[in-house]
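A short reminder: the numbers here are calculations on the coordinates, not readings from a lab. Since the model is a prediction, treat every value here as computed from it, not as a measurement. Every residue, glycine as well, gets a Cβ built from its backbone with ideal geometry; the counts of neighbours run over all protein chains shown.
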Amino acid sequence: MTREEMLDFVQEVLGRVSVPDAVADLSEERSAFVRFGQERITQNMDTFRRALRLWVGDGCRKAEYVSHRIEGKAIPSIVKAAEDLLHTASEDPEYMPPAEGGQAYPVIDAYDEATALAEPGPRMSAAAGAMEAARRSGAEAAGLTGMYRETTAMATSTGNLCFHDATEAVFTMTVHAGGGSSYRSLVSTRWSGMPVDSSIEEVVEEALADSEPDDFPGGEMDLVLEPQAVADLVPYLLWSMNARTSDEGITVFAGREGREVTGGNFTLSSRLGGPVPGRPFDSDGLACADQVWIDGGVLRTLQCDRFWARKTGRPAVPGPGCYSVDGGEGTADDLVARTPRCLRIRRFWYIRFVDQKSLELTGMTRDGVFLCENGTCRPVRDFRWNWKPLELFSRIEALGASERKGFVSAPPMLLRRVKV
Amino acid sequence: MRDLAELAIAELSASGVGYGDARVETRMVESLAFRKLRLEEAALSTSEGVGVRALVDGCWGFASSTGLEAASVRSAVERAVKIARSGASVMKGSVVLAGLPPQTGSYESPCRIDPFTVDRHEKIGLLAECSEVMNASPGIGMTWAQMHLERFDKVFASTEGTMVSSRITHSQPFLTAYALHEGDAQSRSLQTLARAAGWEWIEESRLPETAERIREEALLKVRAVEGPSGVMDLVLDGHNLSLTMHESVGHPTESDRALGWEANMAGRTFVKLSDQGSLRYGSDIVNFIADNTMPAGLASWGWDDDGVPCQKWHTVRNGIFQEFGSVRETALLIGRESSRGCCRAQDFGHFPINRQPNFYLEPCREPMTPEELIAGVKTGIYIEGRGSFSIDQNRVNFQFGGDMFWEIRDGRRTRPLKKVLYGSHTTEFWGSCDGIADERFFQAMGLLTCGKGEPAQSARMTHGASPARFRNITVGGGVR
């Protein structure tokens, strides 16, 4: 559907609603991916999904109905289903109408026409190229490449009307060689923005350098985390950075707003027009904005829904879907050169909370751990860790340049004296 | 739906593909959730659509569309064939499917009381009552009372003549309570999760009584002393073991991992193709039985998304690994003549991949109680339910927590503990199992959200066990 057709549809839906409050949200998702592994294309997909979410409220109760039947003649039955559901809901003591009218939505450059219309050829060629490069070196490649597009049109009964169109090109690859491996994740608004060919060569070389890993003695060591490893940790902070659950005593941030939670050289922010494009609005129609969550180690902002904001006197702060850890200059190689002995870690795997209240996590290393001593790095085996990321980010000695890794932009980090 | 499936097959056949299949689906999901005493979510979702696979010169193409109109079916077929041809033009395809005679029939999962006919006031009232029970103590800081009710109807048809249909109903109640004490927060939850059943499963779960138990145990747990570190014996209940076996037995024995197809995301496995029939996976008393025919199992669909009938087999027999779970595309590659029927997609919009079957640890055939297992422990811990969980990408090094912990001293369960972790390596762990309670104590756990694949998709399956004893396990996060 075109932008106009989508906006017309959500307004037509709202026009049929008989209760005071409503949000109609129509989304289209197209994804086209090639997945490869063990010298073969294992999946080759082109999927399309269109759905309408209709939220209705009568001032004290609310309900939500989702349908995939998107056609004008289906609107009365969709609205009836939502309103029937509403009539059975119990009263909501935290009832909030849709976001106040007059929201000013930021314009975010997150769409690329060439990526949206991509034919299968380039992604098939990228997959074939990755497998061929690995094969030439006696290695084996697996990965995923393709594009994703999401288009959303939303109307609220309070008079807001918004539209957002975003594309995402993806190339991820793991190469196994001997007992070692390496990994790379590239994500960009534009297919042309991903350095696919050069990354393939780098990953193959890194995997070959990781062959035959040794054991290593544990103890207190400096760590160099590559950008992917830092980005792997950040979501666990974000899940805890909620004003309400913190006020309720469930998270590590309880009572710590305005106080130091990490070292002074850790800053976590959201910039809607930054390296990871954000969302202009949330599911209630509330406009998103740039935020600084942790500023030089001090907890400044927690995500906060509109009810909790009203109750506690904070501003409502929706999650904008884009996060950035401030970096510096240089690469992980440069950070390794700053310490006589360190463990260099490429990425983490299967991170889970051990204790939510103290934000203690467990996980494994994956696809490259190196013991670097006096300019020489040798591969060592993956290991399990139990760490608290706020403590890790209190030990930052130096930062390199940030890179986009999924919905997080993160730099490499040199951390001093971490127990391994 | 059957007409649309026939249309898709006719279009696929006319396009000259080597093989093609279509899944036409409708789905309804009702979600209700109380956060503390407030109804936070009352949502109903309906979806419908078609997913089409086409095989051209050994290369897959898959396309899907929402909607159940002939036009969306034709569009999905056209796109699937187009990208399959495009793939075949870039590199030689290598997909060879294991043989399968044409299948016909229909399957309906058990559902005594249709959950979508139950008055919504009754559902909301039940969750409200549970919330009131859990919040009756001032020591409880937060609670969730939730209900997930789901039905999907599916028609699968292939160019080889298969035409099967299934109607599946899954129901899941969930309760959790967080207790707060002196700056700490600890939770206790209902652990049985989902079952292939209707409203009767919600009734059998006796939620208000369970809510009271959960509240009291959360209060006990938050005031408990922290668990010890060291090497000791563990007795693990069926709910805890369900997750441990899911991660350390279910995933490592998926054939696509052994073939390297998941290397970029979910990972690979330490189990080699040549290990079938020979690898010692556990002690002699360890038997894992895969069973996609068990009526209450979440992976019991009648046929999988290859159209292969659901089956029952030994994954591990007398401690020895027997065979991988397989799909038609992997069966020949792992040395089998036919698929074990483990091909499932999240829904019509996802490419079906190799997923875990339902499987369980076979209980002891002789009478054996959990108390007898505990009696054989001088120093150890009894663990109920699942908690923190993590395992490496080759499925060897794992660390698990639990939902409730009890100290064992001189053969008796004594005081509650909190913050207990145990870690081990897969075959060492199952090799240390020296006692399993009998079937009277069997506990099942139905998982709705097993994540795997790229783009990520979830799958569902049921596991279970009777409490079992494990010797000399590292407790306290010491396994690196």
Query raised in the report: Using a Förster distance of 30 Å, how high is the FRET efficiency between A:Asp215 and B:Arg213, based on the Cβ-Cβ distance and rounded to 0.05?
Result: 0.05
Query raised in the report: Karplus couplings for the range A:403-420 from phi (6.51 cos²θ - 1.76 cosθ + 1.60, θ = phi - 60°), rounded to Hz, Gly and Pro as x?
Result: 9, 6, 10, x, 9, 10, 9, 9, x, x, 10, 9, 10, 8, 6, 9, 6, 10
Query raised in the report: Taking a point 7 angstrom from the Cα of B:Arg336 along the C-beta vector, which residues in the range B:235-260 have backbone N less than 17 Å away?
Result: B:249-260
Query - Built amide H within the under 5 Å cut-off of A:Val261, gap 5+ - result: A:Val298, A:Leu299
Query raised in the report: What does the charge dipole of chain B about its Cα centre add up to, to the nearest 20 debye, if the Cβ of each Lys and Arg holds +1 and the Cβ of each Asp and Glu holds -1?
Result: 900
Query raised in the report: Can you list the lysines whose alpha carbon is less than 16 Å from that of A:Lys405, not counting same-chain residues fewer than 8 positions off?
Result: none
Report task. Determine the dipole magnitude for the protein assembly as shown: charges of +1 sit on the beta-carbon of Lys and Arg, -1 on that of Asp and Glu, nothing else is charged, the reference point is the Cα centre, and the result goes in debye to the nearest 20. Result -> 1180
Requested in this report: Would you mind calculating the gained length between B:Glu366 and B:Ala136 on full extension (0.36 nm times residue separation, minus the Cα-Cα distance), in nm to one decimal?
Outcome: 78.5 nm
Query raised in the report: Going by Cβ distance under 4.7 Å, what cysteines of chain A have no possible disulfide partner?
Result: A:Cys60, A:Cys162, A:Cys288, A:Cys304, A:Cys322, A:Cys342
Query raised in the report: Residue-wise, which Karplus ³J(HN,Hα) couplings in Hz belong to the range B:394-409, taking 6.51 cos²θ - 1.76 cosθ + 1.60, θ = phi - 60°, and x for glycine or proline?
Result: 9, 6, 10, 8, 10, 9, 10, x, x, 9, 8, 10, 10, 5, 10, 10
Report summary line: One finds the C-alpha centres of the range A:34-70 and the range A:80-129 to be spaced, in Å, by 10
Query raised in the report: Given a Förster distance of 22 angstrom, what is the FRET efficiency for A:Glu71 paired with A:Tyr95, based on the Cβ-Cβ distance and rounded to 0.05?
Result: 0.10
Report summary line: A correct Kirkwood calculation over the Cα atoms of the range A:3-206 returns a hydrodynamic radius in Å of 19.6
Query raised in the report: A:Ser283 versus A:Thr376, label points 7 Å from Cα toward the beta carbon: distance in nm?
Result: 5.5
Report summary line: Using the Kirkwood radius over Cα pairs of chain A, the Stokes-Einstein translational diffusion coefficient at 37 °C and 0.692 mPa s, in µm²/s and rounded to a whole number, is 139
Query raised in the report: For the range B:241-311, which trypsin sites (Lys or Arg not before Pro) are in a loop by DSSP, counting at most 11 other Cβ atoms within 10 Å?
Result: B:Lys272
Query raised in the report: Rounded to the nearest 20 Debye, what is the dipole magnitude of chain A about its Cα centre when Lys and Arg each give +1 and Asp and Glu each give -1 at the C-beta?
Result: 700
Report summary line: As a percent rounded to 5, the proportion of antiparallel DSSP bridges among beta bridges in the range B:123-229 is 100
**Report entry** Net charge of Cβ neighbours under 11 Å - reference A:Val23; Lys, Arg +1; Asp, Glu -1
**Finding:** -3
Query raised in the report: Separation between the B:Arg167 and A:Gln11 pseudo-spin-labels, each 7 Å from Cα along Cα→Cβ, expressed in nm?
Result: 4.3
**Report entry** Length-normalised contact order for the range B:2-223 - Cα pairs under 8 Å, 6+ apart - percent
**Finding:** 22
Query raised in the report: On full extension of the chain, what length is gained from B:Ala375 through B:Leu37, given 0.36 nm per residue of separation minus the C-alpha to C-alpha distance?
Result: 117.5 nm
Report task. For each pair in A:Lys311/A:Lys388; B:Lys82/B:Lys452; A:Lys357/B:Lys419; A:Lys311/B:Lys123, compute the distance between the two Cα atoms and list the pairs where it is over 21 Å. Result -> A:Lys311/A:Lys388; B:Lys82/B:Lys452; A:Lys311/B:Lys123
Requested in this report: Could you let me know the centre-to-centre spacing of the range A:263-339 and the range B:402-431, using Cα atoms, in angstrom?
Outcome: 39
Report summary line: If one compares the long axis through the Cα atoms of helix B:70-90 with the longest principal axis of the Cα atoms of chain B, the angle in degrees, nearest 10, works out at 90
Query raised in the report: What translational D, rounded to a whole number of µm²/s, comes out for chain B from Stokes-Einstein when the hydrodynamic radius is the Kirkwood one over Cα pairs, at 20 °C and 1.002 mPa s?
Result: 91
Report task. Whole Å is fine, so just give me how far the alpha carbon centre of the range B:241-277 lies from that of the range B:434-454. Result -> 17
Query raised in the report: Tell me, A:Phe163, A:Phe348 in order of fewest to most beta-carbon neighbours within 10 Å?
Result: A:Phe163, A:Phe348
Requested in this report: Determine one quarter of the surface area of the Cα convex hull of the range B:111-186, which equals its mean projected area, and express it in nm² to one decimal.
Outcome: 8.0
Query raised in the report: Do you know the relative contact order of the range A:213-420, to the nearest whole percent, from alpha carbon pairs under 8 angstrom that are 6+ apart?
Result: 31
Query raised in the report: Rounded, prolate or oblate: which one fits the protein assembly as shown, using the alpha carbon gyration tensor with axes a ≥ b ≥ c (rounded when a/c is under 1.5, else prolate when a/b beats b/c, else oblate)?
Result: rounded
Query - Two-decimal ratio, the range B:302-364, of alpha-carbon radius of gyration to 2.2 N^0.38 Å - result: 1.18
Query raised in the report: Between A:Ala51, B:Ser13, A:Asn242, whose Cα lies farthest towards the positive end of the dipole of the protein assembly as shown when Lys and Arg beta carbons carry +1 and Asp and Glu beta carbons carry -1, centred on the Cα centre?
Result: A:Asn242
Requested in this report: Kindly state, to the nearest 0.05, the FRET efficiency for B:Arg415 paired with B:Thr117, given R0 = 60 Å and r defined as their beta-carbon distance.
Outcome: 0.80
Query raised in the report: Dipole of chain A (Lys/Arg Cβ +1, Asp/Glu Cβ -1, origin at the Cα centre): which of A:Tyr183, A:Cys377, A:Leu7 lies farthest to the positive side?
Result: A:Cys377
Requested in this report: Starting from the range B:308-365, pick out the trypsin sites (Lys or Arg not before Pro) whose DSSP state is loop and whose Cβ has at most 15 other Cβ atoms within 10 Å.
Outcome: B:Arg365
Query raised in the report: Measuring from label point to label point, each 7 Å out along Cα→Cβ, what is the A:Glu29 to A:Arg416 span in nm?
Result: 4.5
Query raised in the report: How high is the relative contact order of chain B, in percent, counting Cα pairs under 8 Å that sit 6 or more residues apart?
Result: 16
Query raised in the report: Considering only DSSP beta bridges whose two residues both sit in chain B, what percent are antiparallel, to the nearest 5?
Result: 90
Requested in this report: Set Lys and Arg Cβ to +1 and Asp and Glu Cβ to -1, take the dipole of the range B:2-223 about its Cα centre, and tell me which of B:Ser187, B:Ala98, B:Val56 lies farthest positive.
Outcome: B:Val56
Query raised in the report: DSSP H helices in chain A with Cα extent of 30 Å or more along the helix axis and mean Kyte-Doolittle hydropathy at least -1.0?
Result: none
